[in-house]
Amino acid sequence: MPTELLNALNMVANEKSININDLIETIEGAVSFAASKRLERDNLEAKFDKEKGAFDLFEILKVCESVQEPKLEINMDEAGKIDNQARIGLTVRRRVELEGLGRIAALSVRQMIHKKGRELELDRLYAYYRSKIGSAVTGRLIHKSHDNYIFSLEGIEASLPPDEQLANDHLERGKNTKLLIIDVNFTRKEPVAIVSRTHPDLLRKLLELETPEIIEGHVEIVALARDYAGRSKVAVRSKKPGVDPVGACVGVRGGRIQPIAKELANEKIDVFSWDDDPKVLIASALVPAKNVQVIPAREEKRAYVIVPDEQLSLAIGKKGVNVKLAVKISRWELDVLSRKEYEENLARIHNAQKRSGDNQETLTKAQIDRNTGDAD
């Protein structure tokens, strides 16, 4: 038993990367507590003897001239037999024989090994998932707690809070769902991952998984923007001659983009080619609107966008989502006008000049365009 106990402690210390002395000290405290509870005394102390490979139990007694409480005190004559350095007012340790101490020690060892092992496992999981922040994972939905969805990951749970949920999400219990880890916290003494379904990087990771050309470095995602309501825009460019960046991401007959859209609650994903010319870039970013004219004011990094009257609602999008995403992608402020609004603005400028008695030549549409930037 003694040899087996010492070997077991050394084995656990090695396997769990625990300092053997720290492990023994923790178990000594557990044995002391168990023995004190058994004997209904608070002055007991357990010590592990490495040479014997066993625990010894001691009572801590105060050296007194006259003993009033035998369980707490000892006279000088008795104390001198235990420790020749004993003095009045000091304490000595006297061995206590407790039936079943070996069983108490063994139980405490098992409990502490389990506790230490669990603590180390939780620390390992916490460190592992902290290193996975920004990574896409697959979680199985367990249940819904208040407004949070709770998923099972490998070893821990993940929480999807309301502000990280897609508006069109209809998640089913037991089904696997793609998630992006955005944080990891300790909750109820266990690590819990905080995950997102709306973060732009989730779409980025899914595109990387479906598009080998991105991983191989032949296609680059230059800019990406998403809205929780179910629309996103992705600007890509080729880094290898002959590679169509949009075709690579969309796939034959949508074979690559459609599974991603389905995974993201049928999100509408617009993929288009990046262009360094802001007029071309902004026009592409405003898809599905067509025949868009862009007049950039480069110093202000602001552009006036003129669209056919029937295309205005498409350019702006429901609740302004389309133009908001275009602003995020292009990093330009956009003023979207219908052709009719634009012509009316030109007329107002012309009339204002006439009323002011300006003798200069009336500004033409082309001159206004030149003042603002080059018109398409």
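Numbers at a glance
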| read-out | value |
| --- | --- |
| Out of Glu59, Glu4, Glu97, sole residue that is in contact with a strand residue (DSSP E or B) (Cβ under 9 Å, 6 or more places away or on another chain) and either buried (at least 16 other Cβ atoms within 10 Å of the Cβ) or in a helix (DSSP H, G or I) (or both) | Glu59 |
| Residue list for region 199-216, restricted to those being within 15 Å of Ala235 (Cα to Cα) and in a loop (DSSP other than H, G, I, E, B) | Thr211 |
| Qualifying residue in region 19-32 (condition: at pLDDT below 85 and not in a helix (DSSP H, G or I)) | yes |
| Only one of Arg140, Arg124 that is more than 13 Å from the chain's Cα centre (by Cα), surrounded by 11 or more Cβ atoms within 10 Å (Cβ to Cβ) and not in a helix (DSSP H, G or I) | Arg140 |
| Complete set of residues in region 285-302 that are under 15 Å from Lys268 (Cα atoms) and in contact with a Ser or Thr (Cβ under 7 Å, 6 or more places away or on another chain) | Ala285 |
| Members of region 145-161 that are over 30 Å from Lys115 (Cα atoms) and either of a type in the set (Asp, Glu) or under 15 Å from the mean Cα position of the chain (by Cα) (or both) | Asp147, Pro161 |
| Candidates Lys175, Lys189, filtered to the one that is more than 14 Å from the chain's Cα centre (by Cα) and at positive phi | Lys189 |
| Residue selected from region 181-193 under the condition surrounded by fewer than 19 Cβ atoms within 10 Å (Cβ to Cβ) and not charged (D, E, K, R), by the criterion nearest to Arg231 (Cα to Cα) | Ile182 |
| Number of the condition not met by Ile260 [criteria: (1) touching a residue at least 24 places away in the same chain (Cβ under 8 Å); (2) under 23 Å from Ile150 (Cα atoms); (3) surrounded by fewer than 20 Cβ atoms within 10 Å (Cβ to Cβ)] | (3) |
| Condition broken by Leu180, with the remaining ones in (1) touching a residue at least 60 places away in the same chain (Cβ under 8 Å); (2) in contact with a helix residue (DSSP H, G or I) (Cβ under 8 Å, 6 or more places away or on another chain) satisfied | (1) |
| Pairs with Cβ under 8 Å, 6+ apart, first in region 233-245 and free of Cβ contacts under 8 Å to residues at least 12 places away in the same chain, second crowded, with 18+ Cβ neighbours inside 10 Å | Asp244/Ser238 |
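The values are calculated or read from the model by the stated rules, or taken from the named source; none is laboratory data. Note that this is a predicted model, so its numbers are computed, not measured. Positions of Cβ are backbone-derived with ideal geometry, glycine not excepted, and every protein chain shown enters the neighbour counts.
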